[in-house]
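A short worksheet on the structure shown next.
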Amino acid sequence: MVLGHESSGTVTVVGKGVTHLKPGDRVALEPGTPCRSCEFCKAGRYNLCPDIQFLATPPVDGDLTRFHVHAADFCFKLPDHVTFEEGALLEPLSVAVHACRRADISIGHRVLICGSGPIGLVSLVTAKAMGAVEVIVTDICENRLAVAKKMGATHIFKIDPAVDTRSTADQIVRALGEYPDVTVECSGAESSLQTGIYATKSGGVMVLVGLGPATVSIPVVNAAVREVDIRGIFRYANTYPTALAMVASGAVNLKPLVTHRFSLEDSVKAFETARTGAGGAIKVMIGCSAPAS
């Protein structure tokens, strides 16, 4: 199947009913097109639509191609000063916007983000844009933590896999100075889920963003008796306009995420770079424009 679901491009032709776009417009593509008529779509939670057609999700092909046909109402026009790369990054940023909304992050909150991969990093900048005063980011890789620090983390914490999760949580709380109001778990690792629950303030929220094993062991009684709400997210809904406004206004800067660039012809190299993390890879961009003749 064709891969690709984080994308932007230039409109080449529009359908006869399209009035808000024209050939030549630069757009970001929201990759999921829902049915628009089920109970979830009508309630505004179209990410839960059972018939959503989401790019690069079997059996639906992705858009890592030179040309792609997409629903016009899920194409968002980019201002002149927003780059194609930033347009493509609206997709992971939308995940973060949805996660932070689900967590009800607001002014004054202290936030723990578990995992400083691309989703952890966009969650960091989103949490700060939404008012978080302190954000501590964890990971097992020092180079990714260094990026998190550059992107605005007030604290970073390197996880030691040899330390039990309860003790790790205690260390995180000491590093932050108090329990975080919200934990955004972006790794999906069982140990990180456990640490996140133990570390979250009583009455707080932990949002599950990272997807790991289908079944994991977590300290659910600890969460229950301390009224720690555990909330899942699935993709996003109604986030692209917000994500675009955040980038266009300068509220967030996504440019440091892009570390490598490849042409469409070198896609295999691009995916291998992303898989191995070679050269400190975070976000690897593939340009699909035709080579200059």
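The values are calculated or read from the model by the stated rules, or taken from the named source; none is laboratory data. In this text the structure is predicted, and so the values were computed from the model without any measurement. Note: ideal-geometry Cβ built from the backbone for every residue, glycine included; neighbour counts use all protein chains shown. In case anyone asks, the SASA skips ligands and DNA or RNA and just uses the protein heavy atoms, side chains included. Shrake-Rupley method; radii C 1.70, N 1.55, O 1.52, S 1.80 Å.
Mean residue ellipticity at 222 nm, helices only, the chain: -9000 deg cm²/dmol; runs of at least 4 DSSP H residues each add -39,500 (n - 2.57), and the sum is divided by the number of residues.
Whole-Hz Karplus values for the range 15-24 come out as x, 5, x, 8, 10, 9, 10, 8, x, x Hz, taken residue by residue from phi with 6.51 cos²θ - 1.76 cosθ + 1.60 and θ = phi - 60°; glycine and proline positions read x. Extent along the principal axes, Cα only, for the range 59-132: 44, 32, 20 Å, with the longest axis given first. In this structure, the pairs whose alpha-carbon distance is over 26 Å, taken from Lys158/Lys283; Lys42/Lys255; Lys128/Lys255, are Lys42/Lys255. Under the simplified labelling scheme, the Phe234-Ser37 pair shows an inter-label distance of 2.1 nm, with each label point 7 Å from Cα along Cα→Cβ.
Taking every DSSP beta bridge with both residues inside the chain, roughly what % is antiparallel (nearest 5)? The answer is about 30 percent antiparallel.
Rounded to the nearest 10 square angstrom, Tyr179 shows an accessible area of 100 square angstrom against a 1.4 Å probe. Each 10 Å bin from zero up to the one holding the largest Cα-Cα distance in the range 130-240 carries the following percent of pairs: 14, 46, 34, 6, 0. Please work out, to two decimal places, the log10 of the ratio I(q)/I(0) at q = 0.26 Å⁻¹ from a Debye calculation in which every Cα of the range 25-94 carries one identical scatterer. Here log10 of I(q) over I(0) equals -1.26.
When every Cα-Cα distance of the range 220-293 is counted in 10 angstrom steps from zero, the calculated P(r) takes the values 15, 23, 31, 21, 8, 2, 0 percent. In summary, the convex hull built on the alpha carbon positions of the range 1-124 has an orientation-averaged projected area of 9.7 nm². Close amide H pairs (under 5 Å, H built 1.01 Å from N) link Ile286 with Phe262, residues at least 5 positions away or on another chain.
Once the C-beta distance of Glu178 and Ala278 is scaled by a Förster radius of 45 Å, the resulting FRET efficiency is 0.70 to the nearest 0.05. Fully extending the segment from Lys269 to Ala214 would add 16.8 nm, taking 0.36 nm per residue of separation and subtracting the current Cα-Cα distance.
For Gly204, the residues whose amide H sits under 5 Å from its own are Asp229, ignoring neighbours fewer than 5 places away on the same chain, with H placed 1.01 Å from N. Under the criterion of Cα pairs below 8 Å and six or more residues apart, the relative contact order for the chain equals 16 percent. Relative to the globular-protein estimate of 2.2 N^0.38 Å, the Cα radius of gyration of the range 154-197 stands at 1.07.
For the range 178-253, the Stokes-Einstein estimate of translational diffusion at 20 °C and a viscosity of 1.002 mPa s comes to 156 µm²/s, using the Kirkwood hydrodynamic radius over alpha-carbon pairs.
Normalised by 2.2 N^0.38 Å, where N counts its residues, the alpha-carbon radius of gyration of the range 71-182 equals 1.18. Rounded to the nearest Hz, the phi-derived 3J(HN,Hα) couplings of the range 187-203 under the Karplus curve 6.51 cos²θ - 1.76 cosθ + 1.60 (θ = phi - 60°) are 9, x, 6, 4, 4, 5, 4, 5, 4, x, 5, 4, 7, 5, 4, 4, x, where x marks glycine and proline. The average projected area of the chain, computed from the convex hull of its Cα atoms over all directions, is 16.6 nm².
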